[in-house]
1. Select from N139, L264, P163 the residue farthest towards the positive end of the dipole of the chain; place +1 on Cβ of Lys and Arg, -1 on Cβ of Asp and Glu, and compute about the Cα centre.
2. Cα gyration tensor of the range 181-222, axes a ≥ b ≥ c as square roots of the eigenvalues: rounded (a/c below 1.5), prolate (a/b > b/c) or oblate?
3. What percent of all Cα-Cα pairs in the range 68-209 falls into each 10 Å bin, going from 0 up to the bin containing the maximum distance?
4. Based on C-alpha coordinates, I'd like the Rg and Dmax of the range 156-230, in Å.
5. How much mean residue ellipticity at 222 nm does the chain get from its helices, if each DSSP H run of length 4 or more adds -39500 (n - 2.57) and you divide by all residues, to the nearest 500 deg cm²/dmol?
6. Taking K86 as the anchor, which lysines have their alpha carbon closer than 18 Å to its alpha carbon, excluding any fewer than eight residues away along the same chain?
7. To the nearest 10 degrees, how steeply does helix 101-110 sit against the main Cα axis of the chain, on a 0 to 90 scale?
8. Each label point is 7 Å from the Cα along the Cα-to-Cβ direction; what then is the distance between the points at S194 and E156, in nm?
Amino acid sequence: MKPREFVSLLGGAAAAWPLAARAQQGEWVRRVGVLSNFAESDLEAQSMVEALHQTLQELGWVEGRNLRFDHRWAAGNSTRIQAFAKALVALQPDVIVGHVTPAVAALQKETSTIPIVFIQVSDPIGAGFIANLAHPGGNITGFTTYEPSMVGKWVEMLKEMAPRVSRLAFLFNPQTAPFVTRYYQGPLESSARSLGIQPSANPVHNASEIESVISALAREPGVGLIVMPDSFNIVHRERIIALAAQHKLPAISSYQFMVAEGGLMSYGFDLVDHFRRAAGYLDRILKGEKPADLPVQAPTKFALVINLKTAKALGLDVPPTLLARADEVIE
């Protein structure tokens, strides 16, 4: 059995029996749904979920005693995520975690009453999830990712790493990351042009388009790549990393684990820490607080990670100034 198959094998009645028995003994079992657009087999996703479970346990919420989890993994499939959202809402949990924008959008369509805590959402106001950051209103609050100005750092760091970059492509799926065009594209293009770089949006809709787009980019000189914050890019990161290496394209992302898996560099926050912090909001909601009264939280720590082996394979000499600023260097 996979690590987080919470409703499986034993069957619904058998699996529910211990919980029902405890409820009869006077212990109130609360229910938490988790909807993610990642794949269940993704070890990074499992690390995030484990952090959520562990922190809740430290706060007194123990799975199988006073808490039950229902996890659903959509793996970047837009049809599946809406079906899973409907199924989770039908279970009437006390609170639902929506991991990334497509998950929260799907949940919002299904309920306006069950509390939702989002994680890793770039533009919750633009997406219509909340009224404002300080006072979300409604049934949704959570943890956002990056200010639009962050894209400027990605552009500057990639240019510093690869000075010959004269064209900058940014990769994203409009279905899973609709916020890219309204939230990041303007600041990204302005930042690129200020450094004499020509920016270009490169939307992809499926795995095969990733290969065709990156291959086409590689035929042009001086191209650098920004892998935008997008659950689609995470699900397909192995392919993106391999294609960037194959075509010798310098690339930056916001995901530290992509660098550990062979990517060139990243600048972003720790997603696992986001899940730990989200557990605190779940605890407060389970104890009676309302999402409308819990302000949306932003990341507090960012890290620059560089893979020297990948830089060498790309023929890049990492500038000492950039190396000195790195929080982690993979050799």
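1. N139
2. It is oblate, given that a/c is not under 1.5 and a/b is not larger than b/c.
3. 11, 35, 30, 17, 7, 1
4. That works out to 12.1, 33 Å for Rg and Dmax.
5. -12000 deg cm²/dmol
6. Once the sequence-local lysines are set aside, what remains near K86 is K109.
7. Result, in degrees: 30.
8. Roughly 0.8 nm, to one decimal.
The values are calculated or read from the model by the stated rules, or taken from the named source; none is laboratory data. Because the structure is a prediction, the values reported are computed rather than measured. As a convention, Cβ positions derive from the backbone with ideal geometry for all residues, glycine included, and neighbour counts pool all protein chains shown. Areas reflect the complete protein model, heavy atoms only, side chains present, ligands, DNA and RNA absent. Shrake-Rupley method; radii C 1.70, N 1.55, O 1.52, S 1.80 Å.
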